[in-house]
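Trainee: Okay, handing you the structure first.
Coordinate-derived values only; no laboratory data. Not measured: the values here are computed from a predicted model. Cβ coordinates were reconstructed from backbone atoms using ideal geometry, including for glycine residues, and neighbour counts include every protein chain displayed.
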Amino acid sequence: MYIQTEEDVAAALNHGRGNSIEVPVYSENQHSESLQHYSQLCALLVDESYGQLSAHVFRTLALWGRVNLQTLISNAQLSPRHVKYALSVLIQQHLVLHSSAAGSDPQTFYEVDWNGAYNLMRSGKIINIVQLRFGEAAAQLVSNLLQLGHARVGDLEDAYKFSKNPGHAIDTEAEHINGEGMPAQRGLKKITTPEQLHSMLCKLLESGFLTRVRPSTFLSAADSHNEADAVVKREQFPDGKVSGPKAKVVYEQALRDLKRKWRDAADDAVTGVKKVPKRSNGYGPSAKRMKTNGGAANGVGTYGAEDEDEVTMDKDMVLKVNWEKCNVALRSQALQNLAAKSIGDVTATVYGALLELLERKCPRCYDELAIYTDEADEEAAQPTSTTLDITDILDPTLDLASTLSKGDDDDFDDLEDGNVPKRENTNDRFVGSASAFADRNQRLTLVEQHMAILAEHPRGFAQKVSTRGKGEWRVNFPALVRWMQRNEVEQVINAGHGSIATRIVRMLYSKGKLDEKQVANFSLMRQKDIRSIMTDMHEHGFVEAQEVPKDNSRQPSRTLFLWYFDPDRCRQLLLQRTYKAQARLIQRMQHEKDVVSEVIQKAERLDVVGHEDEYLTSGDKQVLRTWREFEEKLLTQLARQDDLVALLRDFLPDVRDAASA
């Protein structure tokens, strides 16, 4: 029997009240344990964000896989109207992918977008990153797009309700000095004109945090592959057969080239964007001064402030948040935090500037279409940046010399204040230019020294490629991420099984497969002590044993047991346990919220907001305070576990969870 109303849906999905329907139950026969935890986590996230109806349809798709509309209606046991409504919400939020089969009677098939559902957990992190880099206005814009899923530029402009005659609107809340022109967009707190909206959208589009929505956006990887396969075979293999090793090589290369062409066209940030150079119109530096001073006062680089072109974007362009680029930003954040713990905050800030520059050349954490012969070839494919570029985007107020010790042969001893013409109390523009040039050279030297510290660190945070631009630098992202992944696994083993177990795991990783006697000899311990540790780790899945019989009898006494450590399997195991822990945290949070739901609803009433002292009792305030502290702890733990998921899954392609495979 179909459920006809929203109230019936809520009642049926809530503890079996009302018209009861059977909620899908995941079993080992239908799904593996890993997919069960991941699908449960994604369904909880959808339920929390978009309600029980959308979550029920999402669970049904997660259980039955790729189905058409009629099958989905039958399996969900809901009316067609409710299923279509839920599908429209899920597709708008990029939680469900769809494709239409070719033929005389085309049908549309739907399937779950696992990554899109999990990304609901990272919304807050992405908003914070955008706010740090582009300001509060950009963060609010990205927050609106996350709530909408995707939106037209024209619809966004209408939603802001700009006044018709804004004139030259300036953000009055952003601090700026008279004579310095418009404030930097990095500090823009509020968008007040359509020009500012288009400029901010263009910035986010060019930086990669936003991307266009195209028909291919809603296709799964398998559908995109099948479409590319059909095009390649139709154009280069008319008979539809790929026979022989040479033809197979040609086919695979043509397939990769076509996929890369389609992907680059989707990443295009130029089409539909019109830029007009800004004239000297009463604010901002003139073109002549820009050429004379190198684009900034006294020739010194700026920190996010530049004279921008007037941007006009196509109002029919549809935009969404680009999660691949967001993963790149999360990787940069993780590497900068690692550098801060290993070296120091100032050097880590310099490292963060380098990573931000490299982000502009990295549209995604890894290129699935690239083929590398070895690790050296993979390292050589990483982008580079120079010391000059790093200095230009660094905060000019950052004290670079505070953490560097000066030796007798310090490179910038001759740049002391007494040896350089002062800029104060003088109007001589040549003396001022010389002082600015000396200050810049000194700052370049300091930045180069910080980069040398990063390069000389045992972890190899950066590598010097050439001397171009006062030093050209590269970051070997794959090697750093692999070390971080292995270090995270070792920390988990150390916390659960002790330092000796961690030492044994490192030895197995270095030596390969060893029997019990060899493990004892290398670790300088007795076999009976090793045996208990190895058995304990084997029960938890961190080490594996391979049986090698000496003869055909296969007796235990005539069998060698070789122990080995598989880092990929351990990372996969840790990833699935993290999914399970995240799902349990969300369930606990929902349970604790239900306990105090009456007080929360009372505090959220419109007549109570702003008058809490008048309407809430001391007991209500204490309950709310306790709940908020508890919720903050759970959210903090969720954020930490999400950092672990990003490290184990999203920064490298070699470990992918079963759900996205």
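Trainee: Report the extension gain between Ala265 and Glu539 in nm, rounded to one decimal, defined as 0.36 nm multiplied by the number of residues separating them, less their alpha carbon distance. Don't skip to the end; give the middle numbers.
Mentor: On the way: separation 274, 0.36 × 274 = 98.64 nm, distance 4.91 nm.
The span from Ala265 to Glu539 would gain 93.7 nm if fully extended.
Trainee: Full-extension gain between Thr71 and Arg526, please, as 0.36 nm times their residue separation minus the C-alpha to C-alpha distance.
Mentor: Length gained, Thr71 through Arg526: 157.6 nm.
Trainee: Please list the equivalent ellipsoid semi-axes of region 48-127, computed as the square roots of five times the alpha-carbon gyration tensor eigenvalues, in descending order and whole angstrom.
Mentor: Ellipsoid half-lengths, sorted descending, are 23, 15, 10 Å.
Trainee: Once each part is reduced to its C-alpha centroid, what is the distance from region 110-165 to region 208-277 in angstrom?
Mentor: 27
Trainee: Each label point is 7 Å from the Cα along the Cα-to-Cβ direction; what then is the distance between the points at Ala222 and Gln546, in nm?
Mentor: Going by the 7 Å Cα→Cβ label model, 3.2 nm.
Trainee: Applying 1/(1 + (r/R0)^6) with R0 = 45 Å to the Cβ-Cβ distance of Glu456 and Asp158, what FRET efficiency is obtained, to the nearest 0.05?
Mentor: The value I calculate is 0.25.
Trainee: What chymotrypsin sites (Phe, Trp or Tyr not before Pro) does region 318-389 have in DSSP loop regions with at most 13 other beta carbons within 10 Å? Write out the running numbers ahead of the final one.
Mentor: On the way: sites: Trp323, Tyr351, Tyr366, Tyr372; in loops: Tyr366, Tyr372.
Passing both the DSSP loop test and the Cβ count: Tyr372.
Trainee: Starting from the Cα gyration tensor of region 66-113, take the square roots of the eigenvalues, sort them a ≥ b ≥ c, and report rounded, prolate or oblate (rounded when a/c is under 1.5, otherwise prolate if a/b is larger than b/c, else oblate).
Mentor: The shape class here is oblate.
Trainee: Quick one: in region 346-407, what % of C-alpha pairs are over 13 Å apart?
Mentor: Tail fraction, whole percent: 70.
Trainee: Separate question: When only DSSP loop residues count, what trypsin sites (Lys or Arg not before Pro) in region 466-574 have their Cβ near at most 13 other Cβ atoms within 10 Å?
Mentor: Hits after loop and neighbour filter: Arg526, Lys550, Arg554.
Trainee: Moving to a separate point now. Among the GluC sites (Glu not before Pro) within region 344-381, which fall in a DSSP loop and have no more than 16 other Cβ atoms within 10 Å of their own Cβ?
Mentor: When the GluC sites (Glu not before Pro) of region 344-381 are filtered for loop state and at most 16 Cβ neighbours within 10 Å, Glu368 remain.
Trainee: Once amide H atoms are built 1.01 Å from N in the peptide plane, which residues 5 or more positions from Lys513, or in another chain, come under 5 Å H to H?
Mentor: Those qualifying (amide H under 5 Å, at least 5 residues apart or on another chain) number zero.
Trainee: Pulled fully out, how much extra length does the chain show between Arg506 and Gln107, if you take 0.36 nm times their separation in residues and subtract their Cα-Cα distance? Could you put the intermediate results ahead of the total?
Mentor: On the way: separation 399, 0.36 × 399 = 143.64 nm, distance 5.33 nm.
Length gained, Arg506 through Gln107: 138.3 nm.
Trainee: Determine the sum of side-chain charges near Ser385: Lys and Arg each +1, Asp and Glu each -1, restricted to other residues whose C-beta is under 11 angstrom from that of Ser385. Numbers along the way, then the final one.
Mentor: Numbers: positive: Arg360, Lys361, Arg468, Arg474; negative: Glu356, Glu359, Asp389, Asp392, Glu472.
The answer is -1.
Trainee: Give, as a single signed number, the net charge of other residues whose beta carbon lies under 13 Å from the beta carbon of Asp399, with Lys and Arg counted +1 and Asp and Glu -1.
Mentor: -1
Trainee: Additional query: Can you give the FRET efficiency to the nearest 0.05 for Ala380 and Asp568, using r as the Cβ-Cβ distance and R₀ = 25 Å?
Mentor: 0.55
Trainee: Where does region 449-557 land on Rg/Rh, using Cα atoms and the Kirkwood Rh?
Mentor: With Rh from the inverse mean 1/r over Cα pairs, Rg/Rh is 1.19.
Trainee: Still on this structure: Check which residues have an amide H placed less than 5 Å from Lys190's amide H, if you skip close sequence neighbours.
Mentor: Ala137
Trainee: If you average 1/r over all unlike Cα pairs in region 515-597 and invert the result, what Kirkwood radius do you get in angstrom?
Mentor: 16.0
Trainee: Same structure again: Distance in nm between label sites at Asp613 and Phe630, each 7 Å beyond Cα in the beta-carbon direction?
Mentor: With each label point 7 Å from Cα toward Cβ, the separation is 2.8 nm.
Trainee: Further question: At R0 = 60 Å, how high is the FRET efficiency between Asp345 and Phe561 if r is their beta carbon distance? Nearest 0.05 is fine. The partial results should precede the final answer.
Mentor: On the way: r = 49 Å, r/R0 = 0.81.
It comes to 0.80.
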